[in-house]
Amino acid sequence: MNFHYQSFISLFFTLVVVSVCGRRKTNTTSTTIVTNLTTIHNPNYLFAQDITILVVTDVHSWVGGHGPNEPHLNINYGHVVSFYERLLQHAQQQQQQQQQQQKDLFFVMNGDWIDGTGLSFDLTALTQILQQMPWDAINVGNHELYHAPLLEFITQPGGMIDWFGNKYLSSNIVLTKTQQTFGQRYVILQGNHSAVLTFGFLYNMKDHVDTVLVQEIEAVVQEAWFLDALHNNTYDAILVLAHMHVQDPLVQVLLQNIREQVGTTMPVQFITGHTHIRDYAILDEWSASFEAGRYLDTIGVVSFPKANQNTTTKNATQLFTHHFLDANHETLSAVLDVDSIDTPKGVALSQFIATTREELGLNQGMGCINQSYYTTSALGDSASLWGFFINAVVPSVLPGKHALMLDKGDLRYDLLKGNVRLDDIIAVSPFNDTLYYWKDIPGSVILQLNESMNVQHDTSFLPLLPSYILAPSETIVPSTLYELMTSEFEIPSIREALVAIFPNALEAKPTDLTATQLWLNYFREHSSCGIPHPELTPHKDEHTESNQTQAGEPDSSQEDQMRLLFVGVAMGTILVLGAIHIRQRSHQFTKLRVTREAVILDARHEFSEEDSSSKHRMEEESEGLFV
Ligand SMILES: [Zn+2]
Ligand SMILES: [Zn+2]
């Protein structure tokens, strides 16, 4: 795994900026800035300046919101639509009442809409939900570029890219085949009182699928289209959707190149993301950068002025405002000063999402747990999710001579105390990569490999954990041969280190298992809160007795046991696996998609009917919304 984080020029900067990620590297130490509800009486304060932007970023398919175990995050994309519609209406009514106040509101999404919940396993269902969102501009995140079938799906004629048309931006991403961007290089957001030149950049991503090419930002800002965009359009401000950390050095590269072309007083607002934090930075007197959380935990709002050469204020601290709104009903209702934020279109979308999740079986109960486990906790901590995985899950579902090595970023979300739904498990382990194995790797080699993979300790991301985690960690016997397992995504990096230690290692072979299935299998066997889960003590050594006799020999009885176990649990999870394979097996992709589409189309039909009738209701209701 390459770390895409680039060192900053000063130590201070290095300390402040928390992380940059490849697929797995996202920072989870979000700064919680809770809106002070007592001071909010209406949404005017959000419209501090001429141009206001509503932001969602890095939602990673959490469009249905969070589960009952997180009551403080109780909104879904339907509620977000309701909130946006009411804000828009408020802005329009305000300017009718007060002619001097001329405000524009835009709504943007800053990428990473896949990989997070069970909805990611059904692209048709997920994109149909996304396509209901009234976004004015959409940026591409790195997660959209890891899956060739996904790219094929959204770029097909009539796909999601076509659906959104010129709102879908890909300023520095081109299709390898055509050398053309699949989205637009830029768009002018045309409001009633302002025009905003808007770009959509992705960091200099390297590990994308080969059907696209990510152009380096340092180079692409020298190209003619970029200079033309800046010089040959009329606009009042510049908005840069940038899928990168709030103070990524590339933000400065973009800003400097913009400043060279348009001068120092053009307002430039950066909408950043990717590192999953709430953060804000003043970049210069007329520029700011804003990052609004992850997984639908935050609705972001920024406001900034139109270019005005005559202004006497030259202080972005005053000119640019921002707010992080907690994604719950209480906060959004307080902002709007209404009892319910619902609008007909929002309610219809919430219902559509709920129906889709139900059809996919994502609410299916898988059991419950008596305590919470966290991705951020150190391995020895009793609340460590990774500790739970290596000491309880892996020994249970991978008995015998197996050693599983994964990246610390493979587990993406906490497992929270209470009832556990299928979607909660997928959220913990959403990548669902096929597991591969190298046969007959000596324990001594695996221990050495574990050391070499962890020579560098990345303190910017999950600092309490080693970069790679070996399970089971305490039981590897040097003289025993193991099947060394890892996920498909990690093969290149692990293979390189493995061959350096053990040149005899052959090519890794696929198993029938995926990373997500390990968790599902575990909960099939340990589903009740009445049955205590194994203690988080070091894994009991099961190998002592057979170590001498099994060197070099496959353990057939244990393999049979494993097979029986997997067959049993597979029967119970067949619905899930159908959806899972959509992502995993590209040759099955089309066939399964058609089946799923038949189900979803029925639901969509109902939704569309609801939608068209709801428009009338919305119009009828509109006068009374903000009295
Ligand atoms: Zn992300
Ligand atoms: Zn990202």
**Message:** Checking the table 345/408; 103/167; 345/417 against a 28 Å threshold on Cα-Cα, which pairs fail?
**Reply:** 345/408; 345/417
**Item:** Potential extension, residue 371-residue 330 segment - 0.36 nm per residue separation minus Cα distance
**Value:** 12.1 nm
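Would you mind calculating the gained length between residue 188 and residue 509 on full extension (0.36 nm times residue separation, minus the Cα-Cα distance), in nm to one decimal?
Taking 0.36 nm per residue and subtracting the Cα distance, the gain is 110.6 nm.
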**Heavy-atom accessible surface of segment 241-341: percent carbon and sulfur, 1.4 Å** = 40 percent
**Prompt:** Taking all protein chains as present, what is the carbon and sulfur share of the accessible area of segment 75-174, in % to the nearest whole number, probe 1.4 Å?
**Reply:** 42 percent
**Request:** Heavy atoms only, probe 1.4 angstrom, no DNA, RNA or ligands counted: give me 415, 213 ranked by accessible area, highest first.
**Result:** 213, 415
**Request:** Provide the solvent-accessible area of residue 421, counting protein heavy atoms only and rolling a 1.4 Å probe, rounded to the nearest 10 Å².
**Result:** 40 Å²
**Item:** From phi via Karplus (6.51, -1.76, 1.60), per-residue ³J(HN,Hα) for segment 330-347 in Hz, x at Gly/Pro
**Value:** 4, 5, 5, 5, 5, 4, 8, 6, 10, 6, 9, 8, 4, 10, x, 5, x, 4
**Request:** For residue 451 paired with residue 70, estimate the spin-label separation in nm (one decimal), with each label point 7 Å from Cα along the Cα-to-Cβ line.
**Result:** 3.9 nm
**Request:** Please calculate how many Å² of accessible area segment 261-341 carries per residue, with a 1.4 Å probe and no DNA, RNA or ligand atoms counted.
**Result:** 32 Å²
**Asked** How do the peptides 508-514, 222-228 rank, highest first, by the average count of neighbouring beta carbon atoms within 10 Å per residue?
**Response** 508-514, 222-228
**9 Å beta-carbon shell around residue 268, net charge (K/R +1, D/E -1)** = 0
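Set the Förster distance to 35 Å, then compute FRET efficiency between residue 318 and residue 180 from the Cβ-Cβ distance, nearest 0.05.
E(calc), rounded to 0.05, equals 0.25.
The values are calculated or read from the model by the stated rules, or taken from the named source; none is laboratory data. Predicted, not measured: the structure shown is a model, and the values here were computed from it. For neighbour counting, all protein chains shown are included, and Cβ atoms are generated from backbone atoms with ideal geometry for every residue, glycine included. These accessible areas exclude ligands, DNA and RNA; they are computed on the full protein's heavy atoms, side chains included. Shrake-Rupley method; radii C 1.70, N 1.55, O 1.52, S 1.80 Å.
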